[in-house]
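Data first, discussion second: the structure below is written as structure tokens.
What follows draws every value from the coordinates through simple rules; no lab data is involved. What you see is a predicted model; the values in this text were computed from it and never measured. Don't worry about glycine lacking a Cβ; one is built from the backbone with ideal geometry, like all the others, and counts go over all protein chains shown.
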Amino acid sequence: MAVYEITFSPTGGTDKVTDILMEGYQEEKKEISLLSAQEDYGKYEFQKEDICFIAMPSYGGRIPQIAAERLTQMKGNGARAVLVCVYGNRAYEDTLTELKDKAEEAGFAVYGAVSAVAEHSIMRKFAAGRPDTKDMAELQKFGKKLREKLEQETDSGEVQVPGNHPYKKLGTIPFIPKPGRGCNSCGYCARFCPVGAIDPKDVKKVDEKKCIACMRCISVCPKNVRKLNKVVLLAAETKMAKLFEERKENELFL
Ligand SMILES: Cc1cc2nc3c(=O)[nH]c(=O)nc-3n(C[C@H](O)[C@H](O)[C@H](O)COP(=O)(O)O)c2cc1C
């Protein structure tokens, strides 16, 4: 039996949450990132006894479509899966339902699911500092319960998660980061972009059709000079503030 942490985490929030949930598997887990634009994900084949935590952020109440494509190239072969949806304290709508559909399509057996809050990767003032100490205690508890189920039960049962069919319509996110003053064209942003949207020869050039606004280029910039347009960002924060007021809690589905 092997234990895997399979994540799509452009700015690290999804990884943070999943690491806490998987503390009990710290020693043995193997990590697979779904962020690579070069990797052939079809090479991953799992076995029935394996345990796979599959984690993705919510983008507009859906899973990132590129992450869905990469996940469904894998062969689950009945491996036991725990699904994790991480969102920025607005809402996650159909994210878990879509993730469950895709995991099952790839051949995983879903034993449990978690929704959890992490700092909003575009509007960072929302859910700032989460997961915090309260979240950590809660997620550790969820992790123990999930481990009990995985160890004691031989059948996944029918895990119910919130969400609807048809899924919420996919939206476009008008936030494309650009390099500011001080950019020395080191090319990190292009190298680590999960969809190959940035021209490595001229990092100012972004293929707007490919960009998924995941903010990975901002988070890997060693000079901290890749940024969003401040005016556009402030306008969005002001317009959406009400939706973020109330603290959303983490949930466990078994
Ligand atoms: C393109 C995009 C769309 C997002 N849509 C939502 C959303 O619909 N609801 C929400 O609460 N958070 C939303 N977020 C926030 C992320 O789900 C959240 O910050 C998550 O922790 C990001 O994961 P990462 O840190 O692993 O990249 C969105 C973020 C991005 C980049």
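Descriptive notes on the structure:
- The string of couplings for region 124-138 from the Karplus curve (6.51, -1.76, 1.60, θ = phi - 60°) is 5, 6, 8, 6, 4, x, 8, x, 9, 4, 5, 4, 4, 4, 5 Hz, one whole number per residue in order, with x for Gly and Pro.
- Remark: region 178-227 carries a charge dipole of roughly 140 debye about the Cα centre, counting +1 on each Lys and Arg Cβ and -1 on each Asp and Glu Cβ.
- Helical contribution to [θ] at 222 nm, DSSP H n ≥ 4, -39,500 (n - 2.57), averaged over the chain, rounded to 500: -8500 deg cm²/dmol
- Degrees separating the helix 95-105 axis from the principal Cα axis of the chain, which is the longest one: 60
- Shape parameters for region 178-227, alpha-carbon atoms, Rg then Dmax in Å: 9.4, 26
- Within a Gaussian network of the chain (alpha carbon springs, distance under 10 Å), most fluctuating of 82, 110, 159: 159
- Where the Cα pairs of the chain fall when distances are cut into 10 Å bins, in %: 7, 31, 36, 21, 6, 0
- A Förster radius of 25 Å, combined with the Cβ-Cβ distance separating residue 246 from residue 160, puts the computed FRET efficiency at roughly 0.55.
- Taking 188, 59, 87 as the candidate residues, the one with maximal mean-square fluctuation in a Gaussian network model of the chain, Cα springs under 10 Å, is 188.
- Selected from 238, 225, 185, residue furthest toward positive end of dipole (region 181-254; charges at beta carbon): 185
- Here the convex hull built on the C-alpha positions of region 1-119 has a volume of 90 cubic angstrom per residue.
- Principal-axis tilt of helix 230-244 within the chain, Cα atoms, nearest 10 degrees: 30
- Orphan Cys of the chain, criterion: no other Cys C-beta under 4.7 Å: 52, 85, 183, 186, 193, 211, 214, 221
- Lysines with Cα under 26 Å of residue 248, excluding same-chain neighbours fewer than 8 positions away: 16, 100, 102, 125, 134, 141, 144, 145, 149, 168, 169, 239
- Whichever lysines have a C-alpha closer than 25 Å to that of residue 204, once near sequence neighbours (fewer than 8 apart) are set aside: 178, 223, 227, 230
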